[in-house]
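What follows is a short report on a single structure.
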There are 2 protein chains.
Amino acid sequence: MVNFAQRILGPTLGLAPCSSSRSHSLGRTRLRNFPCAVSSTSSSSPMDRQNRRQGFMEFPHLSAPHRDLMIELVSTMETRLGSQLLPDPLPLDVQCYQNAAGTSQGALHIRPGDDTSSIEFILGSWIYCELPSGGALNITTLMAYLNKSTDAPNFVLEFVQMSPTSMVLILDLPPRKDLPLYPDYLDTFYVDTKLDGCRQALQKLPEVQPYFSPVLYVRCVWSPTATVVHIQCEQGQESDQARMEEIVRDHVSPIAKQVLGIWLDKCACGEGREVKESERSELERRDRVIRTKTIEIDLVSNLPRLFGPDVGSRIVNAIQEFLNK
Amino acid sequence: MVNFAQRILGPTLGLAPCSSSRSHSLGRTRLRNFPCAVSSTSSSSPMDRQNRRQGFMEFPHLSAPHRDLMIELVSTMETRLGSQLLPDPLPLDVQCYQNAAGTSQGALHIRPGDDTSSIEFILGSWIYCELPSGGALNITTLMAYLNKSTDAPNFVLEFVQMSPTSMVLILDLPPRKDLPLYPDYLDTFYVDTKLDGCRQALQKLPEVQPYFSPVLYVRCVWSPTATVVHIQCEQGQESDQARMEEIVRDHVSPIAKQVLGIWLDKCACGEGREVKESERSELERRDRVIRTKTIEIDLVSNLPRLFGPDVGSRIVNAIQEFLNK
């Protein structure tokens, strides 16, 4: 779940890790200031909690436009839903973590909804892993799950970067119903909202191509308007990185804000989607199957591989424990 | 249903009809021999029925490799399932039809399964419409639907041509279950069969791009391995048409035969997919909703537009009557 995006890594991705010289320049500099690097994992003072949240919100390995976008999206979500959100319940050493060598870092931020809310939880995460082959893997995620009081779609945004000039973007409101059976649901959340216009706008750029995850299950959970694309600015020129930043600022950023706005208005804060008591168990079952399966695909094998077995298991177990509460 | 493919026609298709000089040369010549043009619609002698089936199997407006492919696929399907298939129950003036001016023609061939079969029906169709703007629309379809004795996927193949150098291809085994809820079903029919390899192979060609139907409902009914592509050979050269024929012969044809083979082996003639009595009504409901909705999208508005209200309504009504039996 935390690294939802890792499911899209695989032999058909065709993204070679960038050479370390092309990694984003912030990477190494920031390692020294990373909260996990300066405080013990058992500390839990209010100041330390605050530091760790700031650590998450720093997004130290992203380009400026990308970081600005993530900060704005998380802030928008937390501001709009703020009164319904509870504090992050995760242990501090799950909120920030790194491997023994300090070459991989991660931050995880979860806010459950309170009893009056339709929010199950929101989840923000980033992972930065220097790879043995050189280069680095950089995954940034923002997701929001609704609970069984509504059947409205969830929200997912994920960036998977293998270099400063190549990334996969997933931006979607994954449906919580079997769409072929519910044309009205499709009309309400996907047709009437003109969500497909966001995907179409981005795909007009020559650097943008549709992306097909090698994991078929993952393709099944996305909506028909999902923006699932591979952005490549690889002309072999010095300006490639600047072009990628321009695309994030001028093209990705507006549609990400638009999709989040639609989700906040129509799904998280929308009305009239109350689910009948008799249908809640089926909705809950579907949500649970998808969550279990995606965690299995995303985390169980990948996190231990990227962070070592001890750290990886700690994160996986903490998330599973949170979800099974 | 008959022109399942028309759902993909729309403002975002971006396929301009070809000029009439670029239409396939067989078109006008064959009009004189079209069965509907030489016999009255009320005739129903065995000879006439035979002529009409031959009319369907002639595919008079397709290029040679395209026609060869369609004949081989229909023959393979009918040979393999032959003993389970009943005769075509449609009125003769629905099996072959044309508009008053003779500028639009269509043929429709349906074979229901018998009581012992898992086949609900197979359906073959072609439509050829000269457009007022010049050029012609050419749609060729082969579909097979299973009944509620099994939950295995259906089969669909459709070509939509707006010119001899540009076509949309849909090749899929549309699932009959809500895939995110049934990972085992996904594994059985889509992962283990390596169906995605067919899509991947075709998309390696520079002339082939993923195609997004402007009708969102249609996107929802396809599987995650659906080959839904736009093939364009439009370099402005005389060899463009030959290149399209080469692609159909050397690339489309092998994967279409492979997908049909998988469907025949694993779905139509596969074993072990018996559906429990308690689950049959839900399966039947899902099948019915999808069928009703796709007919509405495909036929109700399009056929009268292409063939005039009288002929269009005749075909739509006959199909609806057959489906509601």
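Add +1 for every Lys or Arg and -1 for every Asp or Glu among the other residues with Cβ under 11 Å from the Cβ of B:Leu157, and state the total. Walk me through the numbers on the way to the answer.
Numbers: positive: B:Lys257; negative: B:Glu158, B:Asp172.
Summing Lys and Arg as +1 and Asp and Glu as -1 gives -1.
Local charge sum around B:Glu284 (other residues, Cβ-Cβ under 11 Å, Lys/Arg +1, Asp/Glu -1)?
On the way: positive: B:Lys148, B:Arg176, B:Arg280, B:Arg285, B:Arg286, B:Arg288, B:Arg291; negative: B:Glu120, B:Asp151, B:Glu279, B:Glu282, B:Asp287.
Neighbour charge sum, excluding B:Glu284 itself: +2.
For a quick check of understanding: with a 1.4 angstrom probe and all protein chains in place, what accessible area in square angstrom does B:Asp88 have, to the nearest ten?
Solvent-accessible area, nearest 10 Å²: 20 Å².
Name the residue farthest towards the positive end of the dipole of the stretch A:222-325 from the options A:Ser281, A:Thr292, A:Gln235, assuming +1 on Cβ of Lys and Arg, -1 on Cβ of Asp and Glu, about the Cα centre.
Most positive-ward Cα: A:Ser281.
Give me log10 I(q)/I(0) at q = 0.25 Å⁻¹ for the stretch A:56-140, Debye formula, one equal scatterer per alpha-carbon, no solvent.
Log10 of I(q)/I(0), two decimals: -1.23.
Ordering A:Ile262, B:Ile71, A:Ile139 by accessible area with a probe of 1.4 Å, largest first, what comes out?
Working: A:Ile262 25, B:Ile71 60, A:Ile139 0 Å².
The ranking, largest first, comes out as B:Ile71, A:Ile262, A:Ile139.
Name the residues of the stretch B:213-237 whose accessible area, probed at 1.4 Å, falls by at least 40 Å² once all protein chains are in place instead of their chain on its own?
B:Leu216, B:Tyr217, B:Arg219, B:Cys220, B:Pro224
Given the pairs A:Lys177/B:Lys194; A:Lys266/B:Lys148; B:Lys266/B:Lys325; A:Lys257/B:Lys194; A:Lys266/B:Lys276, which are separated by over 32 angstrom at their Cα positions? Display every interim value, and only then the final one.
Working: A:Lys177/B:Lys194 27 Å; A:Lys266/B:Lys148 37 Å; B:Lys266/B:Lys325 28 Å; A:Lys257/B:Lys194 37 Å; A:Lys266/B:Lys276 38 Å.
Beyond 32 Å: A:Lys266/B:Lys148; A:Lys257/B:Lys194; A:Lys266/B:Lys276.
Once you charge only the Cβ atoms, +1 for Lys and Arg and -1 for Asp and Glu, what is the size of the charge dipole of the stretch A:266-324 about its Cα centre, to the nearest 20 debye?
Working: 11 positive and 11 negative charges, 31 e Å.
Here the size comes out at about 160 debye.
How large, in percent, is the carbon and sulfur part of the accessible surface of the stretch B:87-131 at a probe radius of 1.4 Å? Write down the numbers at each step before the final one.
Values: 630 of 1280 Å².
Whole-percent figure for carbon plus sulfur exposure: 49.
Could you put B:Phe322, A:Phe212 in order of accessible surface area, largest first, with the 1.4 Å probe and the full protein assembly present?
Values: B:Phe322 30, A:Phe212 60 Å².
Order by accessible area, largest first: A:Phe212, B:Phe322.
Write down, largest first, the equivalent ellipsoid semi-axes of the stretch A:136-276 in whole Å, where each equals the square root of 5 times an eigenvalue of the alpha-carbon gyration tensor. Mind showing how you got there, number by number?
Working: eigenvalues 179, 42, 36 Å².
Sorted largest first and rounded, they come to 30, 14, 13 Å.
Quick check: net charge around B:Asp115, other residues with Cβ under 15 Å of its Cβ, Lys/Arg +1 and Asp/Glu -1?
My count for the surroundings of B:Asp115 gives +1.
Calculate one ³J(HN,Hα) per residue across the stretch B:74-79 by plugging θ = phi - 60° into the Karplus curve 6.51 cos²θ - 1.76 cosθ + 1.60, and present them in order as whole Hz with x for glycine and proline.
5, 5, 4, 5, 5, 5
Could you tell me, in Å, what Rg and Dmax come out for the Cα atoms of the stretch A:113-216?
In Å, with Rg to one decimal and Dmax whole: 16.7, 49.
Distances from B:Leu131 to the same residue in each other copy, label points 7 Å out along Cα→Cβ, in nm, shortest first?
Output for B:Leu131: 4.5 nm, nearest copy listed first.
Keeping the other protein chains in place, figure out the carbon and sulfur percent of the accessible area of the stretch A:211-325, with a 1.4 Å probe.
Values: 2490 of 5590 Å².
Whole-percent figure for carbon plus sulfur exposure: 45.
Taking a point 7 Å out from Cα toward Cβ as the label site, list the nm distances between B:Asp115 and the same residue in every other copy, smallest first.
The answer, with the shortest distance listed first, is 6.0 nm.
For B:Thr116, what accessible area in Å² do you get when you roll a 1.4 Å probe over the heavy atoms of the protein chains, rounding to the nearest 10?
Accessible area, nearest 10 Å²: 120 Å².
Say a label goes 7 Å from Cα toward Cβ at B:Thr76 in every copy; what distances in nm does this one have to the rest, shortest first?
Computed spacing set for this position: 4.9 nm.
So, taking all protein chains as they sit and a 1.4 Å probe, how much accessible area belongs to A:Met162, in Å² rounded to tens?
My reading of the accessible area for A:Met162 is about 20 Å².
The values are calculated or read from the model by the stated rules, or taken from the named source; none is laboratory data. Computed from a predicted model, the values in this text were never measured in an experiment. Here Cβ is always computed from backbone atoms with ideal geometry, including for glycine, and neighbour counts include all displayed protein chains. We work out accessible area using only protein heavy atoms, side chains counted, and drop any ligands, DNA or RNA first. Shrake-Rupley method; radii C 1.70, N 1.55, O 1.52, S 1.80 Å.
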